[in-house]
Amino acid sequence: MKYRPEIDGLRAIAILPVIFFHAGFDGFSGGYIGVDIFYVISGYLITSLILSEKDSGTFKLANFYERRARRILPALFFVMAICMPFAWALLLPQDLKAFSESIVAVVTFVSNIFFWRTTGYFEQASELKPLLHTWSLSVEEQFYLFFPLIILTLWRFGKQKIIFTLASIFFASLTFAHLDSKHNPNAAFFLLPTRIWELLIGAFIPFYFQRTKVNFHNLYANELASLIGFSLIIFSIVKFDSAIPYPSLYTLAPTLGAALIIIYGQSNTTIGRLLSTPPFTFIGLISYSTYLWHQPLFAFARHTTQPTTFELAALCAISVLLAYISWKFIETPFRQKVKFNQKQIFTYSILGIIFFICIGSYGIWRKGDLGQVSREKKDFLAYFDNTSPEWQYSEKLDLFRKIRNECNFFDIPKYRIGQQTRTPLTTIDSSCYTNPEDKKIVFIWGDSHAQRLYWGLKQNHPTNWTLLQVASSGCSPQIIDKENKQDYCDYSNWFAIQKIQTLKPQVVLIGQNIDHNPNDMKNIAKFLLLHGASKVILTGPTPHWRIGLPYVIASDHFKQTPRYTTAGLDKSILTLDHHLKNNFPESERVKYVSLIDYFCNTNGCITHFGNDIRTGISSNDEGHLTPISSIHLAKDLLGDIVFK
């Protein structure tokens, strides 16, 4: 197969946005689409090799799997081995247990399934998982297992039958992806059935080349097509974000963009020449190792500090440096058959898999306790363990009652068994939105952070007031004017607005985790005042902790926990709150309440109330208020503003 330098350049266009997205750099909110470009490239290259060898009668399944093992496993095993001592040194038992589980999942090619069941790609906690990025490798590996078998099985029926079969799979997968991205987004993101269509876009290209003579001398057409492809990719990188249903029909933009470049971006076009330049081809050559290195570096750094933009940029550069080293001394030698024959490759691969399974299984058996922390710390962290599906901390504190979970349209039961869905519950308890005693109404609206405001107000509200609530996990308040029973956030927000318009509450109290924007907040307040609310109170963000406050205390302040600390604090939240205070237009009927002003001072943000850190801790995770925090907030500040 003829080497095409522009393909390596396209790999550079794929890997750099992924790294910058994970670094959190501005302008790369859609950088995750780099993975989709890799899928198209992989589908193209793999199918080209299979068709070429089948046409010449030289294809052997063992050789195919040998090439995949040479390409993927040596560098992967090397990076995983380097990660292990850092994981032991930096991770607390619960995280080390999860890391051990991910090791086993990676080498058994099911890490996408593991992370589907245990995390969300866009969740803040995902930044702390060193091997999260291997989910995309598992998708490819699963594709490699069965794709050549389809070609071999259908080969005797002709290429037309192969194309028809692959096209059927393509359309089924794309349809499933688009629908599931709304109803079951985690599964859609991580699993092969909703990703295979992207690989098949690349797979169709060699068939197209064989059936159609592409006129590479029609420079104008090639220039236009490759420029369109490049523009689609850049547009996706800049304009897409975590709110886009993904993968879905939106994903056609970067994947078709990559396909257009592969087909038409030959070396005689502007895009082809750009991608063939040494900087792009160099990054492309080391792109696989760069992909392997960047996430562990970011994750371990975030376990120790909150990296600055400069430090993250330095980590990006270190990723490239380490990638070059592993490409030159690990990847390249193992690809050379004169140094490692097929038998050696398969033997070393099997031994490596067994080794990592044993190491990971030992970590799982020990529950991440490899002697890196004291018994006191382990007991302390175990008290706050809220791992799904048990949610021991929530059950211990009767938290579902104290946040009024019966007013939540998010399907918690399905989430607890790993079947997260965007489809809303059919109903919530009528007590959430009815006022039979005709009392004054405080209507709580928002997400899980709004839910945490309820308990404190419940303990401190006058008898002539009642608390109503429509607050669904993960749903920032938005003005939704149409009923949508396909998305629980849209439905929850629509339902809340309908009830506010009907009940005309004295106060609407809004709380949310993220997405605080002065203009949006102003528009929501204006809408509510025009549609029945007498007063609107919008609360700002709570203090956010990079690894969860219990872990911050265990890591930095276990022997003597100060009342206030800056350790582990996400200082960007302080900046956001300052921006909101300065830019949100308050009035007699619209108020902004800074939670940062209440929970924080010049020494940092509060860690606990009272003398018992376990029962008095201000947050049990990255930012949700505990019941004791809610009570103090309502008693000292919020109650006076709400019930005034």
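The values are calculated or read from the model by the stated rules, or taken from the named source; none is laboratory data. All figures in this text were calculated on a predicted structure; none of them were measured in a lab. So basically every Cβ, Gly included, is an ideal-geometry build from the backbone, and we count neighbours across all protein chains shown. Each accessible area value is taken on the protein alone, full model and side chains, heavy atoms only, with ligands, DNA and RNA left out. Shrake-Rupley method; radii C 1.70, N 1.55, O 1.52, S 1.80 Å.
Tabulated results
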| item | result |
| --- | --- |
| Filtered residue count, the range 245-263, keeping only those that are touching a residue at least 40 places away in the same chain (Cβ under 8 Å) and either open to solvent by 50 Å² or more (accessible area, probe 1.4 Å) or out of contact with any helix residue (DSSP H, G or I) (no Cβ under 9 Å at 6 or more places or on another chain) (or both) | 2 |
| Within the range 24-48, tally of residues that are closer than 25 Å to His133 by Cβ and not in a loop (DSSP other than H, G, I, E, B) | 17 |
| Top-ranked residue of the range 297-324 - restricted to ones that are among the aromatic types (Phe, Trp, Tyr) and either open to solvent by less than 40 Å² (accessible area, probe 1.4 Å) or touching a strand residue (DSSP E or B) at 6+ places or on another chain (Cβ under 8 Å) (or both), ranked as nearest to Trp88 (Cα to Cα) | Phe300 |
| Gln295 being of a type outside the set (Val, Ile, Thr) and not in a helix (DSSP H, G or I) | no |
| From Tyr383, Tyr415, residue being in contact with a helix residue (DSSP H, G or I) (Cβ under 6 Å, 6 or more places away or on another chain) and at pLDDT below 95 | Tyr383 |
| Top-ranked residue of the range 264-294 - restricted to ones that are open to solvent by less than 40 Å² (accessible area, probe 1.4 Å) and polar (S, T, N, Q), ranked as modelled with the lowest pLDDT | Gln266 |
| Subset of the range 402-423 [more than 19 Å from Gln512 (Cα to Cα) and not aliphatic (A, V, I, L, M)] | Pro413, Lys414, Tyr415, Arg416, Gly418, Gln419, Gln420, Thr421, Thr423 |
| Answer from Asp429, Asp411 - the residue that is among the acidic types (Asp, Glu) and touching an Asp or Glu at 6+ places or on another chain (Cβ under 7 Å) | Asp429 |
| Near pairs, Cβ below 8 angstrom, 6+ apart or cross-chain, from the range 303-330 (acidic (Asp, Glu)) to any residue that is part of a helix (DSSP H, G or I) | Glu311/Ala301 |
| For Tyr415: the one exception among (1) touching a residue at least 12 places away in the same chain (Cβ under 8 Å); (2) open to solvent by less than 60 Å² (accessible area, probe 1.4 Å); (3) of a type in the set (Ser, Thr, Tyr) | (2) |
| Number of the condition not met by Gln420 [criteria: (1) part of a loop (DSSP other than H, G, I, E, B); (2) modelled with pLDDT of 95 or more] | (2) |
| Residues satisfying the stated conditions in the range 223-244, i.e. in contact with a helix residue (DSSP H, G or I) (Cβ under 7 Å, 6 or more places away or on another chain), open to solvent by 20 Å² or more (accessible area, probe 1.4 Å), among the aliphatic types (A, V, I, L, M) and assigned to a helix (DSSP H, G or I) | Leu227, Ile228, Leu232 |
| Among the residues listed as Pro541, Pro550, the single one being within 21 Å of Ile403 (Cβ to Cβ), open to solvent by less than 30 Å² (accessible area, probe 1.4 Å) and part of a loop (DSSP other than H, G, I, E, B) | Pro541 |
